[in-house]
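As structure tokens, the structure follows; a few thoughts come after it.
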Amino acid sequence: MRKVFLGAAAAIAITLGTGPASAQNVKIGVVMSFSGQFADPGAQIDNGIKLYMKQNGDTVAGRKIEIIRKDSGGIAPDVAKRLSQEVIVRDGAQVLAGYDLTPNALAAADVSAQAKTFMVNMNAATSVITTKSPYMARTSFTVWQVNEALGAWAYKNGVRKAYTLVSDFGPGWDGEAAFQKGFKDAGGEIIGQARYPVANLDFTAFVQRAKDSNPDGIYIWVPGGPQPAAIGKAIAERGIDKSKVKVMGQGELTYEEALKSMGDAGLGLITAFHYDYNHQSAKNKAFVTAYNTEFKRNPDMFSVGGYDGMHLIYEALKKTAGKTDADSLIAAAKGMRWESPRGPMSIDPETRDVVQTVYIRRVEKVGGHLVNVDIDKIENVKDPWKARQPK
Amino acid sequence: MTSVLGVLFDGFAYGMLLFLLSVGLSVTLGMMNFVNLAHCSFGMIGGYVTVTLMNSMGWPFLATLPMAFIAAAATSVVFERTMFRRLYRASDLDQCLLTIGLVFASVAAAAYIYGTIQQPVNLPSYLRGSYQVMGVTLGAYRLFLIAFSLVVTAVLVISLEYTRFGAQVRAAVDNQRMARGLGINVDGAFAITFALGSGLAGLGGALAIDIVGLDPSFALAYLVYVLIVVSVGGLGSIGGSFVAATLLGISDMAGKYYFPEIGSFLIYLVMISLLMWRPAGLFGRRA
């Protein structure tokens, strides 16, 4: 008898808990890795989300914003899909956000499309993702966007014969194809290329081969983790003179920890990226200061993806006056334009993908620290891959 | 021609790194018949000791190397006395299960203490950069690695083959009961051997940071290479490990240089063909 009573009480409590009071809330299901190998990027995206909410309050258009965090625990498309479904069906989320990894974002895109739910991809960078749901927008970058721009820049800045060295998996191939396309279209020649195994440890042989083919530019695509530092050191040790041979890559090559490990070996590396904590603008300085105070570390590309993702959700909600159906929200997001810590950015009204400035940076020593210093920029870069797809 | 010399040099240096990491396992596996998959975890301890001493206490790189050796050796003795010795007579599978469990525990512990980020190490300037000798690029650090490993090998061979302690260890391995009967402290000899092997792994871990980096996955990333060296070289043979590590280091380097598309497979092809030719390894004593 007592058990029955307790059960009934609990049932009533649950019903009350999900009663009319919280129906006013806008629930955002954030699905990404909070544990496992990709826990740190996940934490940085989440920090971006937290900071934005701290600065802008948790009420938009009269509705309280509630974040529901779900841990996909790494590369696990099935888990990401299930969690996205759960957060919509069980928790009543009206918006999906997060998505650190391409396979997870692709799997969750189906959920967004079928459940007609607005989805903000805050990180995953493969071009094709946003085509999979008409309700998805992206606030990070695409591999094609950054690397094709870099290829064209390289030719314009004197590189004629380039060698490409990339990690042998999806994003690496994308980087290779994008750089080569940008570089060849501009008139450059690829004189050699290699793909190194994903789990490679020692890079001496690959770097020596690149050097022996006598290029005047070497392009590298490397994921974060231990490899950027290992490559950077191998390049310095092989005696490649970076004043004669431009060594270029996507931003991961010179991220904060990698530069710490490389030491002076990293000097002169050139990378293309959409964000760095050292980017010089009043907006970014304020962002970095607030971030440092809050989390005792520097923001990175993950943080800014989360921060801008929240901005997009907030502004879209303001435009719809709090309406959360996917059609209204995506219509509001299309063409949205704002000043981010990374600089001016917007959401392409046609592809719902991010349009932004790609910065070309060189590693230099400023005040005793190695940082990425902006040396050039290419404005209003759209994802070039999507522009070439048949409509 | 110069590219051949360059590949030989770099491959030899890489082989020496593999040798330092694996020779300890060859000794414990071959002499004590204990399958210690956690060997690279002791290597990782050495790496983290070096990083901590350098970055938090400002020790010079060379001074941290003995500490890396001692820390790895001391930790391994604690584990040997409390856990491993109970399983000396257990089946291979039991030993594998215990030690692979330790590997995962060590990976988690390193991630808990140091985080999953890369640990930076800044070498002194005399170990950085490279020399040009007859058109071949010789990395300063690789020269150091080779010289260091050759000295370690010499010390190891001399102490196991020509000293009283070495004779005791070999006697204990060949016939434990007889050795005990002659008054040799078998347990003690094994404990010291174990510590020595783990200490060398610690050294290898410390020396590896500059070439391949250090993060919690170190304990697993090197396990395969170390096992290849030990099996190709033959259990319990220091000379065998040396030759195997050299061969594998050079073939890995040559494969990646000349055939980058398939280069990373070459090390496995070499392993398979060598083991088909000599199943007990190049210098193996037991089939």
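Report whether or not B:Val173 is surrounded by fewer than 24 Cβ atoms within 10 Å (Cβ to Cβ) and either closer than 30 Å to A:Met262 by Cα or at pLDDT 90 or above (or both).
Values: surrounded by fewer than 24 Cβ atoms within 10 Å (Cβ to Cβ): yes; either closer than 30 Å to A:Met262 by Cα or at pLDDT 90 or above (or both): no.
So B:Val173 fails the test.
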Residue in segment B:139-156 that is away from chain A (no Cβ under 14 Å), of a type in the set (A, V, I, L, M), surrounded by 15 or more Cβ atoms within 10 Å (Cβ to Cβ) and not in a helix (DSSP H, G or I) present: no
Leading residue by the ranking (farthest from A:Ile240 (Cα to Cα)) among those in segment A:160-177 that are surrounded by 20 or more Cβ atoms within 10 Å (Cβ to Cβ) and within 14 Å of chain B (Cβ to nearest Cβ): A:Gly172
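With A:Asp185, A:Asp202 as the choices, which residue is surrounded by fewer than 21 Cβ atoms within 10 Å (Cβ to Cβ) and of a type outside the set (Ser, Thr, Tyr)? Spell out how you get there, then give the answer.
Values: A:Asp202 fails: surrounded by fewer than 21 Cβ atoms within 10 Å (Cβ to Cβ).
Of A:Asp185, A:Asp202, the one residue that is surrounded by fewer than 21 Cβ atoms within 10 Å (Cβ to Cβ) and of a type outside the set (Ser, Thr, Tyr) is A:Asp185.
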Qualifying residue in segment B:83-97 (condition: more than 14 Å from every other protein chain (Cβ to nearest Cβ), of a type in the set (Lys, Arg) and not in a loop (DSSP other than H, G, I, E, B)): yes
Of residues in segment A:256-285 being under 15 Å from A:Ala236 (Cβ atoms) and free of Cβ contacts under 8 Å to residues at least 60 places away in the same chain, the one nearest to the other protein chains (Cβ to nearest Cβ): A:Ser261
Counted residues, segment B:5-20 - those being more than 8 Å from chain A (Cβ to nearest Cβ) and either of a type in the set (Phe, Trp, Tyr) or surrounded by fewer than 24 Cβ atoms within 10 Å (Cβ to Cβ) (or both): 5
Answer residue from segment B:120-138, given it is among the polar types (S, T, N, Q) and outside any strand (DSSP E or B) and is nearest to the other protein chains (Cβ to nearest Cβ) among those: B:Asn122
Hey, B:Val51 within 14 Å of another protein chain (Cβ to nearest Cβ), without any contact (Cβ under 8 Å) to a residue 40 or more places away in the chain and either surrounded by 16 or more Cβ atoms within 10 Å (Cβ to Cβ) or part of a helix (DSSP H, G or I) (or both) or not: no
Those residues of segment A:23-59 which are under 18 Å from the mean Cα position of the chain (by Cα), in a loop (DSSP other than H, G, I, E, B) and in contact (Cβ under 8 Å) with a residue 40 or more places away in the chain, in sequence order: A:Ser33, A:Phe38
Unique match (being within 14 Å of B:Phe42 (Cα to Cα), more than 14 Å from chain A (Cβ to nearest Cβ) and touching a Phe, Trp or Tyr at 6+ places or on another chain (Cβ under 6 Å)) among B:Ala68, B:Ala72: B:Ala72
Some residue of segment B:186-206 being more than 14 Å from every other protein chain (Cβ to nearest Cβ), out of contact with any strand residue (DSSP E or B) (no Cβ under 8 Å at 6 or more places or on another chain), among the polar types (S, T, N, Q) and surrounded by fewer than 21 Cβ atoms within 10 Å (Cβ to Cβ): no
Qualifying residue in segment B:66-82 (condition: among the charged types (D, E, K, R) and either over 24 Å from B:Thr153 (Cβ atoms) or without any contact (Cβ under 8 Å) to a residue 12 or more places away in the chain (or both)): yes
Qualifying position, being surrounded by 14 or more Cβ atoms within 10 Å (Cβ to Cβ) and either basic (Lys, Arg) or farther than 22 Å from A:Ala125 by Cβ (or both), among A:Thr357, A:Thr324: A:Thr324
Output for segment A:60-99, where each listed residue is free of Cβ contacts under 8 Å to residues at least 40 places away in the same chain and loosely packed, with under 15 Cβ neighbours inside 10 Å: A:Asp78, A:Val89, A:Arg90
Residue list for segment A:346-387, restricted to those being touching a residue at least 60 places away in the same chain (Cβ under 8 Å) and within 16 Å of the chain's Cα centre (by Cα): A:Ile347, A:Arg352, A:Asp353, A:Val354, A:Gln356, A:Thr357, A:Val358, A:Tyr359, A:Val381, A:Lys382, A:Asp383
Members of segment A:227-256 found to be outside any helix (DSSP H, G or I), over 12 Å from A:Val363 (Cβ atoms) and touching a Ser or Thr at 6+ places or on another chain (Cβ under 8 Å), listed by number: A:Arg238, A:Gly239, A:Gln250
Selection within segment B:126-149 - closer than 22 Å to B:Leu18 by Cα, touching a residue at least 24 places away in the same chain (Cβ under 8 Å) and not charged (D, E, K, R): B:Leu127, B:Thr137, B:Leu138, B:Gly139, B:Tyr141, B:Leu143, B:Leu145, B:Ile146, B:Phe148, B:Ser149
Count of residues meeting criterion [facing chain A (nearest Cβ under 10 Å), buried (at least 21 other Cβ atoms within 10 Å of the Cβ) and either among the polar types (S, T, N, Q) or not in a helix (DSSP H, G or I) (or both)] in segment B:218-263: 2
Which numbered condition B:Leu37 fails, given (1) more than 13 Å from every other protein chain (Cβ to nearest Cβ); (2) part of a helix (DSSP H, G or I); (3) closer than 19 Å to B:Val232 by Cβ; (4) not hydroxyl-bearing (Ser, Thr, Tyr): (2)
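Among the residues of segment B:207-216, is there at least one that is touching a Lys or Arg at 6+ places or on another chain (Cβ under 8 Å), within 19 Å of B:Cys40 (Cα to Cα), within 14 Å of another protein chain (Cβ to nearest Cβ) and buried (at least 21 other Cβ atoms within 10 Å of the Cβ)?
Of segment B:207-216, the ones touching a Lys or Arg at 6+ places or on another chain (Cβ under 8 Å) are B:210-211.
Within this subset, residues satisfying the condition of being within 19 Å of B:Cys40 (Cα to Cα) are B:210-211.
Next, only the ones that are within 14 Å of another protein chain (Cβ to nearest Cβ) stay: B:210-211.
With buried (at least 21 other Cβ atoms within 10 Å of the Cβ) added as a condition, the list becomes B:210-211.
Within segment B:207-216, one or more residues are touching a Lys or Arg at 6+ places or on another chain (Cβ under 8 Å), within 19 Å of B:Cys40 (Cα to Cα), within 14 Å of another protein chain (Cβ to nearest Cβ) and buried (at least 21 other Cβ atoms within 10 Å of the Cβ).
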Residue match in segment A:289-297 (condition: in a loop (DSSP other than H, G, I, E, B) and either in the same structural domain as A:Leu101 (by TED's automatic domain parsing) or of a type in the set (Gly, Ala, Ser) (or both)): yes
Scan of segment A:205-217 for residues that are touching a strand residue (DSSP E or B) at 6+ places or on another chain (Cβ under 7 Å), buried (at least 20 other Cβ atoms within 10 Å of the Cβ) and closer than 20 Å to B:Gly139 by Cα, ordered by number: A:Phe206, A:Arg209, A:Ala210
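Matching residues to (1) in contact with a Gly (Cβ under 6 Å, 6 or more places away or on another chain); (2) in contact (Cβ under 8 Å) with a residue 40 or more places away in the chain; (3) within 24 Å of B:Leu248 (Cα to Cα); (4) away from chain B (no Cβ under 14 Å):
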site	(1), (2), (3), (4)
A:Phe179	yes, yes, no, yes
A:Ala186	no, no, no, yes
A:Pro197	no, no, yes, no
A:Asn200	no, no, yes, no
A:Ala205	no, no, yes, no
A:Asn214	no, yes, no, no
A:Ile220	yes, yes, no, no
A:Ala236	no, no, no, no
Residue count, segment A:187-220 (criterion: in contact with an Asp or Glu (Cβ under 8 Å, 6 or more places away or on another chain) and over 19 Å from A:Ala265 (Cβ atoms)): 5
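The values are calculated or read from the model by the stated rules, or taken from the named source; none is laboratory data. All figures in this text were calculated on a predicted structure; none of them were measured in a lab. Using ideal geometry, Cβ is built from the backbone for each residue, glycine included, and neighbour counts are taken over all protein chains shown.
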